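Derivation of every value follows stated rules applied to the coordinates shown; laboratory data play no part. Nothing here was measured: the structure is a model prediction, and the numbers come from that model. When we count neighbours, we look across all protein chains shown, and the Cβ atoms used for this are built from the backbone with ideal geometry, even at glycine.
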Amino acid sequence: MAIKDLAVAYNGSGNADSAVDLALQMCKKYGAALTGIYAVNPVRFEGDVARWISDDVMRSLRAAEAEVTKSIEAAFRKRVGPAAIPETEFIAEEGQANAVLARHARYHDLLLMGQFSAPSDAGQPVRAEDLIMRTGRPIVIVPHGYRVATFQEYAVVGWDGSRPAARALSDAMQILETKKRLDIVSVRASSADRPPGRSSEIIRHLQRHGIDARHVVLSASREGIGPTLLRYCSEHTPDVLVMGAYSHTKLREDLFGGVTRHVMEKMTVPVLMSH
């Protein structure tokens, strides 16, 4: 099934604008529709505080929030502009940001989002690591300060033979089948270790899909697997890096760090992740 229905998390920030720009480029390539999704921060007061808030004050606060929502929708539609894409929609729903985005993302082929929430969005942070675990759909994270360029039709897949890596590869197949060049990059802990995963099998699988792929084996730098993978991407500038998220448990990565966290914090190219 071809890519025909994209969603983008949009809150009016510069990072969200970058995600929209990449989404529009993808929509033009694939003939896809685009839906902007904004989670409206609910106006609520807990406990004893609520008793001291008058109805007039609540109405004023809700009216102000409605104006903010209108301005964000207007910014989204201005960003999309006269782009030649099949359909554009904007959804604003009250609720916790990640819950709203995860719920709506399930009805689209994939979700695009900026790397960070806006600084003013501290009360409603959009957390990629949470969305990856909740949506059931692949997520494309667009790095801070990213500027859209013409697609080279070149992608990199981070491959270690794990279940998350296989899931990400499958989720990205509709994109990878359109690429002229694909590097399957495996990073081993040291030059003495065997490359992770079965390289001949994954290359054969991709060739059966008509994809010209090659296997690249790297030895991890002192900093680890994540920096080695990102350095390769920085040197070769693919359109997208595809990788599975949280090969170890999320709790373990939260406590001790890991490849997923490092890539999400330091990426320089768009990254498609799924779990």
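Laid out as a table, the results:
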| item | result |
| --- | --- |
| Charge sum, other residues only, whose C-beta stays under 11 Å from Arg106's C-beta, Lys/Arg counted +1 and Asp/Glu -1 | +2 |
| Other-chain or far-sequence residues with amide H under 5 Å of Val40's (modelled H) | Glu93, Glu94, Gly95 |
| The range 14-29 - phi-based ³J(HN,Hα) in whole Hz, Karplus 6.51/-1.76/1.60, Gly and Pro as x | x, 5, 5, 4, 4, 5, 5, 4, 5, 4, 5, 5, 5, 4, 5, 5 |
| Across Lys4/Lys180; Lys4/Lys70; Lys29/Lys180, pairs whose alpha-carbon gap is larger than 24 Å | Lys4/Lys70 |
